[in-house]
Amino acid sequence: QVQLVESGGGLVQPGGSLRLSCAASGSIGSINAMGWYRQAPGKERELVASITRGGITNYADSVKGRFTISRDNAKNTVSLQMDSLKPDDTAVYYCHARKYSDMRYWGKGTLVTVSS
């Protein structure tokens, strides 16, 4: 089992920044990709950004150029720097981990609200 704990959500004004962090613990040795998904009210959960153990990144078109994902393999953490936030970015953000075996794990989520 893998446990994922997110931190860093909150309320921010449009144009502002937030940094989300996620710490993994447990059976973490075979984790390949880590990343962030989000789910807005009334919408399906969607991929925001992901990063492999080797550092290959993938971003949703809606966040390219504004969000940056990073990972510290030694500390088993993944972070999401979110800049130029928009009201449409309001959602619950979930940390995600995928093992080489394709088993997937989720954090409990952290709420990000972008509003003036």
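Points worth noting:
- Identity of the residue in region 91-107, of a type in the set (D, E, K, R) and in contact with a strand residue (DSSP E or B) (Cβ under 7 Å, 6 or more places away or on another chain), that ends up most open to solvent (accessible area, probe 1.4 Å): ARG104
- Filtering region 70-90 to residues that are without any contact (Cβ under 8 Å) to a residue 60 or more places away in the chain, farther than 20 Å from PRO14 by Cα and either open to solvent by less than 60 Å² (accessible area, probe 1.4 Å) or assigned to a strand (DSSP E or B) (or both) leaves SER70, ARG71, ASP72, ASN76, THR77, VAL78.
- Number of the exception - LEU47 against (1) surrounded by 13 or more Cβ atoms within 10 Å (Cβ to Cβ); (2) part of a loop (DSSP other than H, G, I, E, B); (3) free of Cβ contacts under 8 Å to residues at least 24 places away in the same chain; (4) not polar (S, T, N, Q): (2)
- Flag for ALA33 being in contact (Cβ under 8 Å) with a residue 60 or more places away in the chain, of a type in the set (Gly, Ala, Ser), in contact with a Leu (Cβ under 6 Å, 6 or more places away or on another chain) and in a strand (DSSP E or B): no
- Within region 1-22, considering residues that are among the aliphatic types (A, V, I, L, M) and surrounded by 17 or more Cβ atoms within 10 Å (Cβ to Cβ), the one modelled with the lowest pLDDT: VAL2
- Subset of region 40-54 that is out of contact with any strand residue (DSSP E or B) (no Cβ under 6 Å at 6 or more places or on another chain) and not charged (D, E, K, R) - its residue that is farthest from THR90 (Cα to Cα): GLY54
- Answer from TYR37, TYR59 - the residue that is touching a strand residue (DSSP E or B) at 6+ places or on another chain (Cβ under 6 Å) and either open to solvent by 60 Å² or more (accessible area, probe 1.4 Å) or closer than 17 Å to GLY9 by Cα (or both): TYR37
- LEU111 meets each of the listed conditions (1) surrounded by 15 or more Cβ atoms within 10 Å (Cβ to Cβ); (2) of a type outside the set (D, E, K, R); (3) in a strand (DSSP E or B) apart from (1).
The values are calculated or read from the model by the stated rules, or taken from the named source; none is laboratory data. Bear in mind that the values here come from a model prediction, so they are computed numbers and not experimental data. So basically every Cβ, Gly included, is an ideal-geometry build from the backbone, and we count neighbours across all protein chains shown. Side chains included, ligands, DNA and RNA excluded: accessible areas come from the protein's heavy atoms. Shrake-Rupley method; radii C 1.70, N 1.55, O 1.52, S 1.80 Å.
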